[in-house]
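Here the structure is laid out as structure tokens; the discussion comes afterwards.
Only the coordinates and a few stated rules stand behind these numbers; no lab work does. Worth saying up front: this structure is predicted, and the values here are computed from it rather than measured. So basically every Cβ, Gly included, is an ideal-geometry build from the backbone, and we count neighbours across all protein chains shown.
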Amino acid sequence: MNKDQIKGVAKQASGAVKEAAGKVTGNKKTQAEGTAEKIAGKVQKGYGDAKEKIKGAL
């Protein structure tokens, strides 16, 4: 695992918590921020996964 994969998973988890908190409190802004953070985490993890595949192919 590389740094991008780890940071991506952490962002996804953080975003999920923020999104859930927004849902519970009815705060649409917090919920949207959490959703965006989750998506950013997925993208970052995907980038890390791609780096690992390239590294493994070389």
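A few points about this structure:
- Across the alpha-carbon atoms of the chain, the computed radius of gyration and Dmax are 13.8, 49 angstrom.
- Straight-distance crosslink candidates among lysines, where the alpha carbon sits under 16 Å from residue 23 and sequence neighbours closer than 8 are dropped: 38
- Degrees, to the nearest 10: 3-25 long Cα axis against longest axis of the chain: 10
- Charge dipole (Cα centre; +1 on Lys/Arg Cβ, -1 on Asp/Glu Cβ; no other charges) of the chain amounts to roughly 40 debye.
- Folded to 0 to 90 degrees: helix 28-57 orientation relative to the chain principal axis, Cα: 10
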